[in-house]
Amino acid sequence: FFIYSVLVDLVIARGGEHSFNHSGSIDHSHGRHLFGETPPSVDLSHGYMSNTELEKAMKNFAHKCSAISRLYSIGKSVNGVNLWVLEISDNPGIEEPEPAFKFIGNVHGDEPVGRELLMHLANWLCDNYMTDPLATLIIKNVHLHILPTMNPDGFSLRMRGNANNIDLNRDFPDQFFSVNNDLGPRQPETKAIMSWLKKIHFTASATLHGGALVANFPWDGSENQKKVYYACPDDTTFRHMASVYSRSHYNMSLSKEFNEGITNGAAWYPIYGGMQDWNYIHAGCFELTLEISENKWPNSTELLTLWEYNRMSMLNLVASLVKTGVHGRILSTECGQPLPASVIIKGINYTVKAGDVFGDYHRLLAPGEHYEVTVAMPGYESKTTHILVEDEAMSLDFVLDPEGLQKRKQVRTDCSSSYQVELWGWTMMEVLFLAMVILAFFCVLFKRKTIFHKHRQSVVAQKRALIV
């Protein structure tokens, strides 16, 4: 496999139009159309934002649309360029029981269309918030994070890899081969993405590439390295997600090369160390790889057209997080506290976990199907129900009972302790007890004062009687 990977990297580095079949020989008839173009001339880059201009545009956006956005960095590239992210939401930076979606562009340095289209998307959402129903739906119900360029160094150098000439979409841990599992030599851009997903739980995401026109879904590789359809557990859901993008696109679904404009990655061209599969396996995030332009570096005059071709696809893909699937919260019967329980779908070997803070879950599922949903949490009785997911999203909450008497007592103790309020180190019960003692003390004082006042009045009355 090591020799195989080296040969693939050599072909990529040389810009050849070849792919490799499972035997390791060159296959001229099939392959992803990503390596066939020579690096663009300086003239072709005219009209594209430089890294400095992109950073300025993002900062201007964050200032212009400050009510619905925030700007933050997830790390730096090899050459020290900040990897800036725009979060767009009606409550940016505040954790809510809502799904999160991320768009990443410019994974490969010589595929810059994504970085331009993502800024068009951000500005369109800002300009149409509260006037366009789709823009309003997304901003009010989704936390959208946009990373226009994951590979700013590769863009500056007009090359596929980063400044170390490493293909970032081959740099993630792989489920089939351990060649990328050594954390030491992993690229800073890759590490930044991995750290990012530890901090934010994304329900779904997509990366924007160039060189073909198709929506690609997992698995991206196969166990035996063969070019074959290799389905992941959520294959039906991923096909639906890819179709949402393809059908909303101007002409992607009309592809003669890819049926309906979608493809399983391993069936098209197996790769290893890809970000798409890693997201699904390790981060609980349903990711698509979107090839949005047959020309990797088209003339800048075509960017507005490409934006119009992809606009509804990008919007509908994000909106699908709240328009389809099953969503809800999982709580405890003992005190209503949120539970980070597991959501299990019978027949699908993949588990989605509810959030720690709100106990909210967002389970993407293909519409038009019956599902058996089970919610499980250690220490609690699991619950199961049957649902039919139609064209609209389904809301389904679960309230779990503690498992057994002893565990119920433990949970009750945990609930009370977790909801105690402290004031200067005192618990709420201690504060209430102290308040009652103080109140009783003042009642005694008031009563004594009343008795003293009455006694004094009585003495004065007796003196007046003697004088008379």
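Quick look at the values:
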{"item": "Lone qualifier among D220, D234 - being out of contact with any helix residue (DSSP H, G or I) (no Cβ under 6 Å at 6 or more places or on another chain), surrounded by 19 or more Cβ atoms within 10 Å (Cβ to Cβ) and within 30 Å of G368 (Cα to Cα)", "result": "D234"}
{"item": "Answer residue from region 74-88, given it is in a loop (DSSP other than H, G, I, E, B) and on the phi < 0 side of the Ramachandran plot and is least open to solvent (accessible area, probe 1.4 Å) among those", "result": "S77"}
{"item": "Among (1) open to solvent by 10 Å² or more (accessible area, probe 1.4 Å); (2) at pLDDT 95 or above; (3) among the small types (G, A, S) - the single one A212 does not satisfy", "result": "(1)"}
{"item": "Qualifying residue in region 199-209 (condition: surrounded by 21 or more Cβ atoms within 10 Å (Cβ to Cβ), farther than 19 Å from A100 by Cβ and not acidic (D, E))", "result": "yes"}
{"item": "Any hit, region 301-323, residues being in contact (Cβ under 8 Å) with a residue 12 or more places away in the chain, under 15 Å from D234 (Cβ atoms) and either open to solvent by less than 20 Å² (accessible area, probe 1.4 Å) or over 20 Å from the mean Cα position of the chain (by Cα) (or both)", "result": "yes"}
{"item": "Count of region 338-353 residues which are open to solvent by 40 Å² or more (accessible area, probe 1.4 Å) and over 19 Å from Y280 (Cβ atoms)", "result": "1"}
{"item": "Scope region 360-400; condition in a loop (DSSP other than H, G, I, E, B), surrounded by 13 or more Cβ atoms within 10 Å (Cβ to Cβ) and touching a residue at least 40 places away in the same chain (Cβ under 8 Å); matching residues", "result": "L364, L365, A366, P367, M377, A393, L396, D397"}
{"item": "Qualifying residue in region 94-101 (condition: under 23 Å from D153 (Cα atoms) and open to solvent by less than 50 Å² (accessible area, probe 1.4 Å))", "result": "no"}
{"item": "Which numbered condition Y250 misses (of (1) of a type outside the set (D, E, K, R); (2) open to solvent by 30 Å² or more (accessible area, probe 1.4 Å); (3) in contact with a Lys or Arg (Cβ under 7 Å, 6 or more places away or on another chain))", "result": "(3)"}
{"item": "Meets criteria (surrounded by fewer than 23 Cβ atoms within 10 Å (Cβ to Cβ), more than 30 Å from K64 (Cα to Cα) and not acidic (D, E)) for M130", "result": "no"}
{"item": "Residue in region 244-251 that is modelled with pLDDT of 95 or more and aliphatic (A, V, I, L, M) present", "result": "yes"}
{"item": "Among (1) touching a residue at least 24 places away in the same chain (Cβ under 8 Å); (2) within 20 Å of the chain's Cα centre (by Cα); (3) surrounded by 16 or more Cβ atoms within 10 Å (Cβ to Cβ) - the single one L71 does not satisfy", "result": "(1)"}
{"item": "Selection from region 178-192 of residues that are modelled with pLDDT under 95 and either touching a Gly at 6+ places or on another chain (Cβ under 8 Å) or of a type in the set (S, T, N, Q) (or both)", "result": "S178, V179, N180, N181"}
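The values are calculated or read from the model by the stated rules, or taken from the named source; none is laboratory data. Only a predicted model underlies this, so the values are computations on that prediction, with no experimental measurement involved. Reconstructed Cβ throughout: ideal geometry from the backbone, glycine too, with neighbour counts over all protein chains shown. Surface areas here come from the heavy atoms of the whole protein model, side chains and all, with no ligands, DNA or RNA. Shrake-Rupley method; radii C 1.70, N 1.55, O 1.52, S 1.80 Å.
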